[in-house]
Every structure is written in structure tokens, then in C-alpha cells.
Amino acid sequence: MQTYLVGGAVRDRLLGLPVRERDWVVVGATPAALEAAGFRRVGASFPVYLHPQTGEEHALARTERKTAPGYRGFEVDASSGVTLEQDLLRRDLTVNAMAEDADGTLVDPYGGRADLDARLLRHVSDAFREDPVRILRVARFAARFAPLGFTVAPQTMALMREMVAAGEAGALVAERVWQETEKALGEPRPDEFVRVLRECGALAVVFPEVDALWGVPQPEKWHPEVDTGAHLLLVLQQAARLSPKAEVRFAALVHDLGKGTTPRDHWPRHVGHEERSVELAQVLCARVGAPNRFRELGVAVARLHGLCHRARELRPATLLAVLEGADALRRRERFGDFLLACEADARGRAGLQDEPYPQADLLRAALAAAVSVDAAALAARGLQGEALGAALRDARVAAIAAARDAFRREHGL
């Protein structure tokens, strides 16, 4: 029985990156031998075990043979005769198909080290086509390693296109689409995830609402990049720059979906796209099973980003309506995320990425003014029911008006 460190831990060490987690492959062993040594099985479909001391995952070396469409249809052989090279051959990318033995010697039968040096994400073998989840994984790795100069190898991109054309992307289940998407949104370049999926044709299958944005123009006066899809990629870049939160980046992803359904004879204007964006965002979230915290922030940004951009022009009552629509009075931290997503939208325009966004400061001042109103003091005057609600609203509007006027004086507006 021999144990090897495999996959991402080897790759990241060679890149000089922090190792997030360590996975191991055990060659020449049986389930009975591992269990006798105190390992605890956790894999339902595959022979994966937890080490009795470290808790790290150890998997028996295995091969996989495609038996049905999609990603579930595999026949697994984890017998003791499976070699390390056979186990590495089934993996997705050469940079993930390296191993180290107990002495730290690199085992690299498929050129992973050379592809690391060349900054290439390249598939190990033609077996790549057997699992459509790998299309999403390649796009996610592109999002992670783009800052280091990695690109998808041309032959791998061609293979991904073939898989999409063969209908493999359509076999992806919603759970896996969301899992990979959420992970990709947390990577340094989530825009690369979208770009790679679009380049291979998978975006039109898994996120057709997003894919529809390409080829749709916007007024050049406000959007020098013109194309709505190009704008989306810029917004995602800015969202990643402004916040590490996947929820903020997801809101950036769905904020303009309605522009993809604007009738051609209305181009380049997109009147009413906000509410269409809300509807499409809700459909997308329901289809992939996005958690409520993603859906709620995405919907708020889709509905209100236009008003947020015009905050300096709005009446105090409308500023209060924005705060209420974003649920800012109850969820102040999430309102901060809302403002970051709106700022990413404003900065996600060609040549405008470093423009200030004072609208966020104004809305923060408006929120502080609104929450400073003492509802208990109003109630102490004998107000209740509708009368109390009306008085509270009037007091908040007045406080916001004062805060807006102070903001205008401070900024010379």
C-alpha cells in the first residue's frame, strides 16, 4: 500500500500558492485494509475515507468508465490493481493530475508541470468529454488562475465546444451548476468564468438569460463599451475588486438581465429593463437553486440600481423609497452589499473604472438620518396605528431632506 499527495495541493505548491487542502490517493489497498487501519468511509459513490488522525481525505486509486449520459453514469473500478498513473489519467486537467510520493518526488506522467510553466489549462485525455461538470470546472479554474496568466488550451476549448454541441451541457443538473458557479464567483476573476462558458457555448445552455446580453447595444454616451455583454464582464471585474462576497458578485451578474429581452426596435434604449431583470433573475435563481441571500440581493440590485445611480437627483421621499425597497432599515449590512454592487455597475464601463461614486455616501447618510428618527418618541405623543406610521414616515423624509442638503453643501452641489 502506497500513499500519494495528489491534485490541487501539488499544483498550488509548485505555483508557490498557499495549499488550501490536501487530498491523498492510496494505491494497492482495499476498503477492508483501510477500515482495519481506522479510516472512516465517507464516499457513497466512490471509495473515499477520512484519515483517523488528520481527518484528510484518502481515496482508493480508481478508474472510471462512462456508462450513461450526464455526470452520474460511471462505472468505477477501485480494485487494488489500479495504478497511480491510471488514477491520474481520469482527472480533468494536467495541472491537477500530478502527485508526490512520501519523499516529495513529483510524479507527473501527463505533463502537468510543463503546463504550469506554460500557464495552460489542458485536459489530460479524451475521457474529459465523459463528464460535463468539467466544462464548469475549467471555467472556474480560469477564474481562479487568470491573474497568473493562465488560459484554456485551444484543444481543450475545442473539446468543450464538441461536448456542448453533443448536448452534454444540457445534462448538467441544477445543483452542480450552482455549486460551481458559487465557487467561481468567489474566485479573483469571476468574469473569466462567464467568458469561458460563453466561448465554448455552454453559457447559452446553463445561463441563457446571461448569454442573451451579448450583441445588445446600449447608448454610447453612458456606456462607451456599447455591448451589454461587454458591460457585464466589466461589472463583474469591478464587483470582484470592490467585494470578496459571492453575493455581491452574483448581484452584478444578474443586474441587467432585462436588457437581453428589449425589443430590437427599442435599441439602444432599455426602458423598463429593471423589472424585466427582476423577473429573469428570479427565474434563474429558481432554476439553479440559488440560496435566498443571493436571490434577495440580486433582485434588489436589479430593481433599484437605476435609482441608486440617480440618488443625487432624487427627492427625499424617493430616497426613503430606495432604502425601504432595499430593506436597508432592517438589514444595514446587506445594504452595504447593495451599494457595492451598484457601484460596480457604475464603474463597469470602459474607461470609467476609477470614477468616484458619491451616490453611495449620500444613501448612507440618508439611511443614518432615517434610522435616527425616534419612533418611541412619536408613540409617546399618543400616536398609534396609521397615524403613527404616517408621522414616522414624515419624520424620516424630513431627516433625509436635511441629510441630503448637508451632503449637497459639503460637495458643492
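We did not get these values from a lab; they are worked out from the coordinates using the rules stated. Predicted model, so just to flag it, every value in this text is computed and none were measured. For neighbour counting, all protein chains shown are included, and Cβ atoms are generated from backbone atoms with ideal geometry for every residue, glycine included.
Cα-based Rg of region 149-229 per 2.2 N^0.38 Å, rounded to two decimals?
Working: Rg = 14.2 Å, N = 81, 2.2 N^0.38 = 11.7 Å.
Taking the Cα Rg and dividing by 2.2 N^0.38 Å, one obtains 1.21.
Under the rule a/c < 1.5 gives rounded, and otherwise a/b versus b/c splits prolate from oblate, where does region 1-124 land using the Cα gyration tensor? The shape class here is oblate.
Obtain the radius of gyration and the Kirkwood radius of region 208-358 from its C-alpha atoms and give Rg over Rh. Kindly include the intermediate steps, with their values, before the conclusion.
Numbers: Rg = 14.4 Å, Rh = 15.3 Å.
Taking Rh as the inverse mean 1/r over Cα pairs, Rg/Rh reads 0.94.
Mind listing which trypsin sites (Lys or Arg not before Pro) in region 307-413 are in a DSSP loop and have 16 or fewer other Cβ atoms within 10 Å? The qualifying sites are Arg310, Arg330, Arg331, Arg381. Would you mind classifying the chain by shape? Square roots of the alpha carbon gyration tensor eigenvalues, ordered a ≥ b ≥ c; an a/c under 1.5 is rounded, otherwise it is prolate if a/b is larger than b/c and oblate if not. It comes out prolate by the Cα gyration axes. Panel order for Val25, Val373, by other beta carbons found within 10 Å of each beta carbon, from fewest to most: Val373, Val25. Spin-label model, Arg330/Ala166: points 7 Å from Cα along the beta carbon direction are separated by 5.0 nm. Within region 182-233, the chymotrypsin sites (Phe, Trp or Tyr not before Pro) that combine a DSSP coil assignment with at most 15 other C-beta atoms in a 10 angstrom radius are Trp222. In the chain, which longest range has no GluC sites (Glu not before Pro) that are both DSSP loop (not H, G, I, E or B) and surrounded by at most 14 other Cβ atoms within 10 Å? Longest site-free region, per DSSP loop and neighbour criteria: 221-413.
May I ask you to list, by number, the DSSP H helices of the chain whose Cα span along the axis is at least 20 Å and whose average Kyte-Doolittle hydropathy reaches -1.0 or more? Show your work: numbers first, answer last.
Working: long enough: 228-242 (21 Å, 0.85); 273-288 (22 Å, -0.04); 292-309 (25 Å, 0.06); 332-347 (22 Å, -0.43); 358-372 (21 Å, 0.83); 385-410 (38 Å, -0.01).
Qualifying helices: 228-242, 273-288, 292-309, 332-347, 358-372, 385-410.
The overall shape of region 309-413, judged from the alpha-carbon gyration tensor, is prolate: a/c is not under 1.5, and a/b is greater than b/c. Here the extension length gained between Ala32 and Ala398 equals 124.4 nm, from 0.36 nm per residue of separation less the Cα-Cα distance. What the Cβ-Cβ distance of Arg269 and Glu313 gives, at R0 = 25 Å and to the nearest 0.05, is a FRET efficiency of 0.85. For Lys183, the lysines whose Cα comes closer than 23 Å to its Cα, not counting residues fewer than 8 places off in the same chain, are Lys245. Centroid-to-centroid, using Cα positions, region 271-319 and region 159-211 are 23 Å apart. Cβ crowding within 10 Å, taken as a proxy for footprinting-reagent exposure, orders Leu121, Leu148 from fewest neighbours to most as Leu148, Leu121. Across the chain, the mean sequence separation of Cα contacts (distance under 8 Å, 6 or more residues apart), normalised by length, yields a relative contact order of 10 percent.
How high is the relative contact order of region 1-102, given as a whole-number percent (alpha carbon pairs under 8 Å, six or more residues apart)? Don't jump to the answer; show the numbers that get you there.
Details: 183 pairs, mean separation 32.0, N = 102.
With pairs under 8 Å counted, the relative contact order is 31 percent.
Only helical runs count toward this figure. For the chain, summing -39,500 (n - 2.57) over DSSP H runs of n ≥ 4 and dividing by all residues gives -16000 deg cm²/dmol at 222 nm.
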